[in-house]
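These notes are about the structure you will find just below.
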Amino acid sequence: MAKLFYSEYAIENIARRVLTAYDPKLYYGKPAAIPIEDLIEANGLSLEYQYLRKNGRILGKTIFDDGLEAVYDMELHEYILFPVRAGTILIDASLCGEEANTGRFRFTCAHELAHWCLHKKLYLGTGESAALMLTAEETDMEFQANLLGSAILMPMAQVKRAFYQLRPGRDRRTLVADMACLFGVSKQAMRIRLEHHNLL
Ligand SMILES: [Zn+2]
């Protein structure tokens with residue numbers, strides 16, 4: 001498959017474009033959690049929740065071509081073929097349960113939206129799909145989807161705004177935790193984003 005490399009600068013710009021096309025307030029307004037599911041649907045994609053693997057190893061998958069996907073049927077205890085249309089994002093149903101981790105669910109959604117934005121031209125017509133595996137080897141495409149996913153959920157302008165508002169009176173740990181909560185991401189994702197931009 002062809003390779004395509006976007007600079008980090010380009011990735012930040014793509015994130016800003018995706019967010020402002022939906023609602024400029026997401027980038028320029030008050031810092032708040034990005035409505036990632038609405039954003040996905042506004043991009044003409046549909047979200048489907050299925051058990052993608054029996055062992056939960058695949059968290060999400062973006063479908064670029066109409067076809068059939070194997071999903072695990074928890075009642076039948078076997079894989080069944082499920083018809084999917086191009087532009088479907090499959091999210092592992094284990095991420096949607098009540099005690100599931102919201103940060104991981106939202107990050108998986110953002111990662112898959114990022115594949116759609118960055119890689120649909122590469123995948124269209126190949127019959128392949130972009131899957132987020134728990135222990136995937138990090139290819140360039142996965143790395144870039146993670147970068148864009150982070151930039152969508154934690155827009156840089158908003159991160160900086162929140163950082164300078166919340167920093168007074170907070171130690172590093174509390175600051176990261178409160179910012180993670182504000183943006184609806186994991187503490188780890190927030191810490192990486194802040195460190196990467198030399199804010200921590
Ligand atoms: Zn991926």
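The values are calculated or read from the model by the stated rules, or taken from the named source; none is laboratory data. Because the structure is a prediction, the values reported are computed rather than measured. Neighbour counts run over all protein chains shown; Cβ positions are idealised from the backbone, glycine included.
All of Y9, Y51, Y28 fail the test of being under 19 Å from A180 (Cα atoms) and of a type in the set (F, W, Y), apart from Y28. The single condition among (1) surrounded by fewer than 18 Cβ atoms within 10 Å (Cβ to Cβ); (2) assigned to a strand (DSSP E or B) that I91 does not satisfy is (1).
Remark: R104 matches the filter, which requires a residue to be surrounded by 13 or more Cβ atoms within 10 Å (Cβ to Cβ), assigned to a helix (DSSP H, G or I) and not polar (S, T, N, Q).
For (1) more than 21 Å from I40 (Cα to Cα); (2) among the hydrophobic types (A, V, I, L, M, F, W, C); (3) free of Cβ contacts under 8 Å to residues at least 60 places away in the same chain, each residue gets a yes or a no:
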| site | (1), (2), (3) |
| --- | --- |
| N55 | yes, no, yes |
| K61 | no, no, no |
| Y72 | yes, no, yes |
| L76 | yes, yes, yes |
| L81 | yes, yes, yes |
| R85 | no, no, yes |
| T88 | no, no, yes |
| E98 | yes, no, yes |
| R104 | no, no, no |
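The single condition among (1) in contact with a Ser or Thr (Cβ under 6 Å, 6 or more places away or on another chain); (2) at pLDDT 95 or above; (3) within 15 Å of the ligand (Cβ to nearest atom) that W116 does not meet is (2).
If you go through region 137-160 one residue at a time, do you hit one that is assigned to a loop (DSSP other than H, G, I, E, B) and among the β-branched types (V, I, T)? Taking every residue of region 137-160 in turn, at least one turns out to be assigned to a loop (DSSP other than H, G, I, E, B) and among the β-branched types (V, I, T). Of the residues making up region 62-88, those that are part of a loop (DSSP other than H, G, I, E, B) and acidic (D, E) number 3.
For (1) more than 16 Å from the ligand (Cβ to nearest atom); (2) in contact with a His (Cβ under 8 Å, 6 or more places away or on another chain); (3) of a type in the set (V, I, T), each residue gets a yes or a no:
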{"site": "G149", "(1), (2), (3)": "no, yes, no"}
{"site": "M156", "(1), (2), (3)": "yes, yes, no"}
{"site": "R167", "(1), (2), (3)": "yes, no, no"}
{"site": "M190", "(1), (2), (3)": "yes, no, no"}
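Among the candidates F163, F105, F82, F143, the residue that is in contact with a Cys (Cβ under 7 Å, 6 or more places away or on another chain) and aromatic (F, W, Y) is uniquely F105.
Close contacts from region 25-41, counting a first residue that is touching a residue at least 40 places away in the same chain (Cβ under 8 Å) and a second that is surrounded by 20 or more Cβ atoms within 10 Å (Cβ to Cβ) and of a type in the set (D, E), with Cβ to Cβ under 8 Å and a gap of 6+ residues or different chains, come to I40/E112. Looking at region 15-25, is at least one residue surrounded by 14 or more Cβ atoms within 10 Å (Cβ to Cβ) and modelled with pLDDT under 95? Scanning region 15-25 turns up no residue that is surrounded by 14 or more Cβ atoms within 10 Å (Cβ to Cβ) and modelled with pLDDT under 95. Looking across region 148-200 at every residue that is of a type in the set (G, A, S) and over 16 Å from the mean Cα position of the chain (by Cα), the one that is surrounded by the fewest Cβ atoms within 10 Å (Cβ to Cβ) is identified as G169. Just to verify a result, which residue in region 55-89, among those that are within 15 Å of the ligand (Cβ to nearest atom), farther than 27 Å from A32 by Cβ and aliphatic (A, V, I, L, M), is modelled with the lowest pLDDT? Applying the filter and picking the extreme gives I58.
G127 passes every criterion in (1) within 11 Å of the ligand (Cβ to nearest atom); (2) exposed (fewer than 12 other Cβ atoms within 10 Å of the Cβ) apart from (1).
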